[in-house]
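Shown next, in structure tokens, is the structure this report addresses.
The values are calculated or read from the model by the stated rules, or taken from the named source; none is laboratory data. Source: prediction; values computed, not measured. Note that we place each Cβ from the backbone using ideal geometry, even for glycine, and neighbour counts take in every protein chain shown.
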Amino acid sequence: ALDGPALNLAELAADARGRLDPVHWDFFSGGAGEERTVRANEAAFARRYLVPRVLRGAARRDLRVSLFGSRISMPVLIAPTAFHRLAHPEGEVATARAATEAGTIMVVSMAATRPVEEIAAAGGPLWFQLYPQPDLDFTASVVRRAEAAGCSALVVTVDSPVFGRRERDLRHGFVDLPAGLSCENMRDATGRVRDIEMDAGLDWARIARLREITALPILLKGVLHPADAALAVSYGLDGLLVSNHGGRQLDGALATLDALPAVVEAVGGRLPVLLDGGVRRGADVLVALALGASAVLVGRPVLWGLAVGGAAGVRHVLDLLHADLDRTLTLAGVTGPADLRDDLVATVACG
Ligand code: FNR
């Protein structure tokens, strides 16, 4: 353990690593295949440098943004990640409390280990992440449950027609939750917990059907190709999340920051475009927003915070990012998210 709270998310990761079961550390930090894409996400940020403006009188900054009716404290949200009870006994309820206190949105994973109703009791705002299941009625029942709990958007993950091949987990034989923990939002009407099925048959027609059964805003998570971004607009979706699942699905997939500009161009301002993958510093948030993202999400750092200190640990992650973003904006001569343009960012060949 460190002397005093982590000064940055890398220190927090080291602290978490010392506390977690190595099998669970590998589940949280690992990715698919050679983990090229895991590394590429962070490396893409390392290739970007800032070209700050000066003398802009940025004494007053406003980091807040509005997304689908929620006004949040900063353009940083909590990405949906599975199995929070592996990191802390309170699981997703602790994460939700931290998000609520920090004034940002938590995206609840379909693979959460606490029921969405208990997570929502923290006060929200919450969005719900869905893997559409081949059983359409069951999928609809999960959507109804998320709506009833007060989730204000659906995040439909589309990068997972099959599970990525996670070699660290295979090596450990980590295939399922330990006894006593389960995916509480997969309970059906009989109380049985269903397995989450990845569905290689998922297609645009199924997304269109989902669009018909709910009035919630729908974001697609896991879009990297500009042609898919254009299709999402034509299918009447509400937002896009440029993501490669933190490098856990298609190894070799393009880093999200490298995919972002073409997606933003294809969308042409018709929908908000969010990004996740490798965001660890305020400067990363600034760069993603300058290149056209409306907001970013963080995945693994939230799990590290949870492992180190439960709700207070997650709060620490969000506070570090908020403070670092505020300082970075000030140093770059920027007053807030709306003031960001791509001329503030230069790309170099390697970090
Ligand atoms: C994830 N991610 C994820 N995504 C999703 O749509 N549903 C899920 O249940 C999960 N579960 C999950 C578990 C763990 C342990 C990780 C690390 C990630 C992907 C997640 O939402 C996000 O795309 C990435 O984590 C973002 O990258 P960073 O911030 O972890 O680099």
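Structural remarks
- Scope the stretch 262-282; condition of a type in the set (Gly, Ala, Ser) and within 12 Å of the ligand (Cβ to nearest atom); matching residues: GLY277, GLY278
- Checked across the stretch 291-309, the condition of being away from the ligand (no atom under 16 Å from the Cβ) and more than 19 Å from the chain's Cα centre (by Cα) holds for at least one residue.
- The strands (runs of 3 or more DSSP E) located wholly in the stretch 45-137 that include 3 or more residues which are closer than 23 Å to MET186 by Cβ occupy 106-108, 126-130.
- Per this entry, ALA259 is counted among residues that are among the small types (Gly, Ala, Ser), within 15 Å of the ligand (Cβ to nearest atom) and not in a strand (DSSP E or B).
- Single residue of the stretch 49-80 satisfying the filter (within 16 Å of the ligand (Cβ to nearest atom) and in contact with an Asp or Glu (Cβ under 9 Å, 6 or more places away or on another chain)) that is nearest to LEU289 (Cα to Cα): MET74
- Set ASP258, ASP284: member being surrounded by fewer than 22 Cβ atoms within 10 Å (Cβ to Cβ) and at pLDDT 95 or above: ASP258
- When the stretch 83-99 is filtered for residues that are closer than 15 Å to LEU297 by Cα and either surrounded by fewer than 24 Cβ atoms within 10 Å (Cβ to Cβ) or hydroxyl-bearing (Ser, Thr, Tyr) (or both), only THR95 remains.
- Count of the stretch 25-42 residues which are more than 9 Å from the ligand (Cβ to nearest atom) and part of a helix (DSSP H, G or I): 6
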